[in-house]
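Everything on this sheet refers to the single structure shown next.
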Amino acid sequence: MLPCSDMEKELIYIFGKHAVEEALNHRPKLIKELYIELGFTDDKIFSKLNRLARVTPKVLNPKKLPGGLRGEAVHQGIIAGISVDDLMLSYKEFVQSIIPTTDTCFLILGEVQDPHNVGAVIRSAAAFGVTAVLIPPHNQSPVTGTVVKVSAGMAFRIPLVEIRNVNATIHDLKERGFWIYGLAGEGATSLSEESFTKPTAFVLGNEGSGLRAKTRDACDALISIPIHPRCESLNAAASVAVVLYAWNKEHPNSLLL
């Protein structure tokens, strides 16, 4: 996705009926701009727009999409500009509002580059009861319209928290009683043997290089997924889904915000 213009720096553009409907259902105040193609018909969305959105729709020109979106974006005739600053929560304020229990779980992203992976892991985090997804601003795919769409709108249902530094966040969470697991194929701790008896945070590293050395050292344990020998490894999104499913199995009453 191309960067927005100077006047639109604080906006990202989400597209497609489902993504926009999720924003209307769960975070309507985030919507700052709305573009609808001539001939668009969806009574359910129009009803919610009339009740919830506080912006006047503009005509969507399919040959010139807003926010630098390219023509291959499957927009289905509707695009919304949302405030990313309002979507992302402050780590300091968020963590101070949390009283960790054994049912508390964070997912920390560390240099995950592919927006499709970011969207997929956000969706898995929402599906398996994770409390929040923590995202750094550097060397990491930001939250974009593609991320929101791949997340199937779950980016509006689970807290997304901006952290300044992965390792500093790990150390802070340790002081708050969290046990930190780094996802690593060669990890000595087997997923099948863990029962997750403390507030938990999982750290997902880069798709290619994995966790950075200092991040690995900062973790309490490196956790691995037992897989059949005919397969060398799972991709980042699949690994997260398996790990979070295992955690959720031990914590079916996870605390959601």
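The values are calculated or read from the model by the stated rules, or taken from the named source; none is laboratory data. In this text the structure is predicted, and so the values were computed from the model without any measurement. Every residue, glycine as well, gets a Cβ built from its backbone with ideal geometry; the counts of neighbours run over all protein chains shown.
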Selection from the range 59-113 of residues under 15 Å from the mean Cα position of the chain (by Cα) and either within 25 Å of ASN25 (Cα to Cα) or of a type in the set (D, E, K, R) (or both) yields VAL84, ASP85, ASP86, LEU87, MET88, LEU89, SER90, TYR91, CYS105, PHE106, LEU107, GLU111
Is it the case, given these coordinates, that GLU22 is acidic (Asp, Glu), part of a helix (DSSP H, G or I) and outside the structural domain of ALA155 (by TED's automatic domain parsing)? yes
What pairs come out if I take residues in the range 18-45 that are closer than 19 Å to SER151 by Cβ and touching a residue at least 60 places away in the same chain (Cβ under 8 Å) and pair them with residues that are buried (at least 18 other Cβ atoms within 10 Å of the Cβ) and aromatic (Phe, Trp, Tyr) whose C-beta lies under 9 Å away, six or more apart or interchain? ALA19/PHE156; GLU22/PHE156; ALA23/PHE156; ASN25/PHE156; HIS26/PHE156; ARG27/PHE156; LEU30/PHE156
From LEU234, LEU244, which residue is surrounded by 14 or more Cβ atoms within 10 Å (Cβ to Cβ) and without any contact (Cβ under 8 Å) to a residue 60 or more places away in the chain? LEU234
So PRO137 clears everything in (1) modelled with pLDDT under 95; (2) crowded, with 17+ Cβ neighbours inside 10 Å except one condition, right? Which one? (2)
Based on what the data block shows, is SER151 out of contact with any strand residue (DSSP E or B) (no Cβ under 7 Å at 6 or more places or on another chain) and buried (at least 23 other Cβ atoms within 10 Å of the Cβ)? yes
Output for the range 186-223, where each listed residue is among the polar types (S, T, N, Q) and under 23 Å from THR104 (Cβ atoms): THR189, SER190, SER192, SER195, THR197, THR200, THR215
Elements of type strands (runs of 3 or more DSSP E) contained in the range 129-235, each with 2 or more residues being within 20 Å of the chain's Cα centre (by Cα) and over 30 Å from LYS17 (Cβ atoms): 179-183, 200-204
Taking the range 58-103, which residues are more than 30 Å from THR197 (Cα to Cα), of a type in the set (D, E, K, R) and without any contact (Cβ under 8 Å) to a residue 24 or more places away in the chain? LYS63, LYS64, GLU72
Taking the range 12-43, which residues are under 16 Å from ILE158 (Cβ atoms) and in contact with a helix residue (DSSP H, G or I) (Cβ under 6 Å, 6 or more places away or on another chain)? ILE14, ALA19, GLU22, ALA23, HIS26, ARG27, LEU30
Can you give me the ranges of the strands (runs of 3 or more DSSP E) entirely in the range 76-126 with at least 1 residues that are aromatic (Phe, Trp, Tyr)? 105-109
From PHE202, PHE196, residue being buried (at least 16 other Cβ atoms within 10 Å of the Cβ), on the phi > 0 side of the Ramachandran plot, modelled with pLDDT of 95 or more and in the same structural domain as HIS116 (by TED's automatic domain parsing): PHE196
